[in-house]
Amino acid sequence: MIEPNVAGGLIGGGMIGLASVLMLLLLGRITGISGILTGIITWNTGDGLPWRTAFIGGLILGAVLYQIFIGPLPIEMQASGPLLIIAGLLVGIGTRLGSGCTSGHGVCGIARRSPRSLTATITFMVVAVITVYITRHLLS
Amino acid sequence: MKNTIASLLCGILFGLGLSVSEMINPARVIGFLDVTGEWDLTLLLVMGSALIVTIVAFPLITRRAKPVLEERFVLPTKTKIDSPLLSGAILFGVGWGLAGLCPGPALAGLASLSPAIFLFVAAMVAGQFIAIKVEPLIWK
């Protein structure tokens, strides 16, 4: 077993939860990153373009602040080249068709006691586990 | 204006949370998904910690007549577990398992200026765009 990042995980998870709670309390919105992104891609000026771009900008800025005040971002890429493009396309298509990702379905939807979100979360988790099993253990 | 600033601050908190929890790191994500390998339970701690906060706070917030800065809550209206939801979750699961990146960490990871993450985000945006165009042709 790999040593888990217990303190970082619990504190960082709490920050993610708190950010989602504040979005609901202040703006009345669900913090679903893929959905927020969709609203920017479709450039629907009637559907909160300013808050959507501000949130995504903040997301990046948060990681910039981490680099300035805490240290280099812990990023170890696991895929490259064509595989990375295929993965990106699948994440884009899948989150749009499935109306959400880890944040919208996983963190917010389950908190709303939504059966749709719980089903989606279990589905993408199980499929991702199978995908990793195939790529890490069967093909290598 | 107030809601744009609030959204920016929530985005920053979310981006910091992803960095502190290391969910911005594809190695941590794949490590969690690799249940038959050297399992890394960090993602479970992050999701658990975030969910404790949202599960407790969400029902208290939606009991309010309206959010603090807006006139109404905008919550998902779909309740049916249908084929777009399931097929989307499956496609997303495959992409997530291949790269270890989902929309939040991918966007926050742009802060690292890593070309690989820019490539993934470009493919993800293209994927959403394709889905937006193709979706009405399949399910309508």
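Any read-out appearing in this document is the output of simple, stated calculations on the displayed coordinates, not a laboratory observation. Values in this document were obtained by computation on a predicted structure and should not be read as measured data. Here the Cβ is made from the backbone with ideal geometry for all residues, glycine too, and neighbour counts use every protein chain on show.
Long hydrophobic helices in chain A: the complete DSSP H runs spanning 18 Å or more by Cα along their own axis with mean Kyte-Doolittle hydropathy of at least -1.0 are A:6-27, A:49-69, A:81-97, A:115-133. A Förster distance of 41 Å, applied to the separation of the beta-carbon atoms of residue A:134 and residue A:43, puts the FRET efficiency at 0.65.
Kindly provide the helix-only [θ] at 222 nm of chain B, computed as the sum of -39,500 (n - 2.57) over DSSP H runs of four or more divided by all residues, to the nearest 500 deg cm²/dmol?
Numbers: 6 runs with 95 residues, N = 140.
The helix contribution divided over chain B gives -22500 deg cm²/dmol.
The calculated FRET efficiency for the pair residue B:80 and residue B:130, based on their C-beta separation and a Förster distance of 25 Å, comes to about 0.60. Lysine pair count for the protein assembly as shown (Cα-Cα distance under 24 Å; residues 8 or more apart in sequence or on different chains): 6. Taking the centroid of alpha carbons for each part, the range A:24-79 and the range B:54-70 are 21 Å apart. Using C-alpha pairs under 8 Å with a sequence gap of at least 6, the mean separation divided by the residue count of the range B:12-60 gives a relative contact order of 22 percent.
Under the simplified labelling scheme, the residue B:39-residue B:27 pair shows an inter-label distance of 2.1 nm, with each label point 7 Å from Cα along Cα→Cβ. Applying D = kT/(6 pi eta Rh) to the range A:6-138, where Rh is the Kirkwood radius over alpha-carbon pairs, T corresponds to 37 °C and eta to 0.692 mPa s, the Stokes-Einstein value obtained is 197 µm²/s. Sequence-distant contacts, meaning Cα pairs under 8 Å at least 6 residues apart, place the relative contact order of the range B:3-125 at 31 percent. Between the C-alpha center of the range A:87-140 and that of the range B:22-48 there is a gap of 14 Å.
Of the candidates B:46, B:20, B:121, which one comes out as most mobile in a Gaussian network treatment of chain B with C-alpha springs shorter than 10 Å? Among B:46, B:20, B:121, the largest mean-square fluctuation in the Gaussian network model of chain B belongs to B:20. Counting Cβ atoms of other protein chains within 10 Å of each Cβ in A:43-50 and taking the mean gives 2. According to the Cα-based calculation, Rg over Rh for chain B is 0.99, with Rh computed by the Kirkwood formula.
Modelled spin labels at residue B:56 and residue B:2, positioned 7 Å past Cα toward Cβ, are 2.7 nm from each other.
Under the convention that each Lys and Arg Cβ holds +1 and each Asp and Glu Cβ holds -1, the size of the dipole of the range A:6-138 around its Cα centre is about 320 debye. Once the cut-off is 25 Å, how many percent of the Cα-Cα pairs in the protein assembly as shown end up in the long-distance tail? Summing the P(r) tail past 25 Å for the protein assembly as shown gives 40 percent. Per-residue mean of other chain beta-carbon atoms within 10 angstrom of the beta-carbon, peptide A:66-72? Taking all residues of A:66-72 together, the mean is 3.
Which of rounded, prolate or oblate describes the range A:71-139 when judged by the alpha-carbon gyration tensor and an a/c cut-off of 1.5?
Prolate.
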